[in-house]
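For reference, the structure discussed in these notes is given below.
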Amino acid sequence: MILVTGGAGYIGSHCVRELKERGIDVVVYDNLTTGHIESVPEGVPFVKGDIFDVELLCETFAKYGVDSVIHFAAYSLVGESMVNPAKYYHNNVAGTLALLDAMIAEKVGYLVFSSSAATYGDCGSGLITEDSPQNPTSVYGQTKLMMEQFMQDYDKAYGLKYVALRYFNAAGAHVSGEIGEAHNPESHLIPIILQVANGTRGHIGIYGEDYPTPDGTCVRDYIHITDLADAHIRALDYLKSGGKSTYYNLGNGNGFSVKEVIDMTEKVTGLPIKREVEARRAGDPPTLVASSEKIRRELGWVPKYDSLESIISSAWKWHSTHPRGYSK
Ligand code: UFG
């Protein structure tokens, strides 16, 4: 049995769907601060709990016979982490320590951890590999890097086996259109553009067009949420078959600028997207594009949604039918 922390959140809920579709037993553990109970599939056990609650975690591990954890629960807004670092250090860092303590106490030995490209910071314009220096430019990225370091030490001391997956820009929605991205407030590029398309927002503000990139806007590597979910399942299979603790980048390896994403959304939706150039957002590196060769080579991971068009199309299926997210 796998316990998924943050299993009612955007990335967690898609991973839970994928596990369920493959007939793998899973229990969702989420405090619903940012998650949505509506995203938890029928028949999947749900525990409303906090990652700080070691007692409840231990009880849940024992009750469901949990042998592994996929850990998504975290605050994840780069901008917010800069103005409220305490919230990020307390929740992400101290919360993960509590989770690790519960795992050690109950002998739950496998962990797949949701890390981030934000652990690298600004690496210039080339492809980022796992050996690129990790110098986070945000508190959020710093918390993810600290958690990677804890896991390394917990492996050495207690034998905890982990895979840290460093995602680039998670995007898209489940092929059914039943679950998707629904943050409140929304800060991510693709859902904001789609809110312009579905009429719940007037325009998209482009945060700066004077970056050292081909069209002056920031370049990112968008990766479909179902491809991310598949990587988590592969990582867990790898650990359970005796694999050593390790870390992988997850991206498509293709960079798209903010303007290219807006243009592609116009193509996918057939609707004009009103845009206005605004000031730069603090902490945005000009370019972040992954080399995912390591996970392709070692775990045989191949993204199915490798075009920006397919990623935006799946997100549009959700946003065109759920203009207010999970709210009725
Ligand atoms: N952007 C705009 N206008 C908007 C929103 C975003 O121009 O209204 C731009 C941003 O400046 C950035 C790009 O669109 O250049 C993508 O922005 P997102 O907020 O969608 O994503 P980020 O690249 O900032 O962040 C993502 C994840 C983080 C993770 C980070 C890793 O959301 O959790 O990648 O660098 F930490």
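The values are calculated or read from the model by the stated rules, or taken from the named source; none is laboratory data. This one's a predicted model, so the numbers in the text were calculated from it and none came from an experiment. Heads up, the Cβs are rebuilt from the backbone with ideal geometry, glycines too, and the neighbour counts pull from every protein chain shown. For the accessible areas, the whole protein counts, side chains as well, though only heavy atoms, and no ligand, DNA or RNA atoms are used. Shrake-Rupley method; radii C 1.70, N 1.55, O 1.52, S 1.80 Å.
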**OP:** Have a look at Ser176, Ser138, Ser307 and tell me which one the Gaussian network model of the chain (Cα, springs below 10 Å) gives the largest fluctuation.
**Re:** Ser176
Subject >> For the stretch 186-199, 3J(HN,Hα) per residue [Karplus equation, 6.51 cos²θ - 1.76 cosθ + 1.60, θ = phi - 60°, Hz, x = Gly/Pro] >> reply: 7, 10, 8, 4, 5, x, 5, 4, 6, 5, 5, 5, 8, x
Original post:
When the distances between all Cα atoms of the stretch 171-328 are binned every 10 Å from zero, what whole-number percent does each bin get?
Top reply: 10, 36, 34, 16, 4, 0
Original post:
In degrees between 0 and 90, to the nearest 10, how far off the longest principal axis of the chain does helix 139-158 point, with axes built from Cα atoms?
Top reply: 20
Subject >> For the stretch 42-59 and the stretch 118-182, distance of Cα centres in Å >> reply: 24
Subject >> C-alpha long axis of helix 308-321 to longest principal axis of the chain, angle in ° >> reply: 90
Original post:
In the stretch 215-265, what trypsin sites (Lys or Arg not before Pro) fall in a loop by DSSP, with at most 14 other Cβ atoms inside 10 Å?
Top reply: Lys244
**OP:** Using a 1.4 Å probe over the heavy atoms of the protein chains, calculate the carbon and sulfur portion of the accessible area of the stretch 129-181 as a whole percent.
**Re:** 47
Original post:
Angle between the Cα long axis of helix 95-105 and the longest principal axis of the chain, 0 to 90 degrees, nearest 10?
Top reply: 30
**OP:** Using a 1.4 angstrom probe, figure out how much accessible area the chain has per residue, in square angstrom, rounded to the nearest whole.
**Re:** 42
**OP:** Return the ratio Rg/(2.2 N^0.38 Å) for the chain, where Rg is computed over Cα atoms only.
**Re:** 0.95
Subject >> Rounded percent of accessible protein surface that carbon and sulfur make up, the stretch 188-237, 1.4 Å probe >> reply: 48
Subject >> Built amide H within the under 5 Å cut-off of Tyr162, gap 5+ >> reply: Leu111, Ser245, Thr246
Original post:
Given the options Gly35, Gly126, Gly251, which has the most mean-square fluctuation in a GNM of the chain, springs set between C-alpha atoms less than 10 angstrom apart?
Top reply: Gly126
**OP:** Using a Förster distance of 30 angstrom, determine the FRET efficiency expected from the C-beta separation of Thr200 and Glu21, and round it to 0.05.
**Re:** 0.50
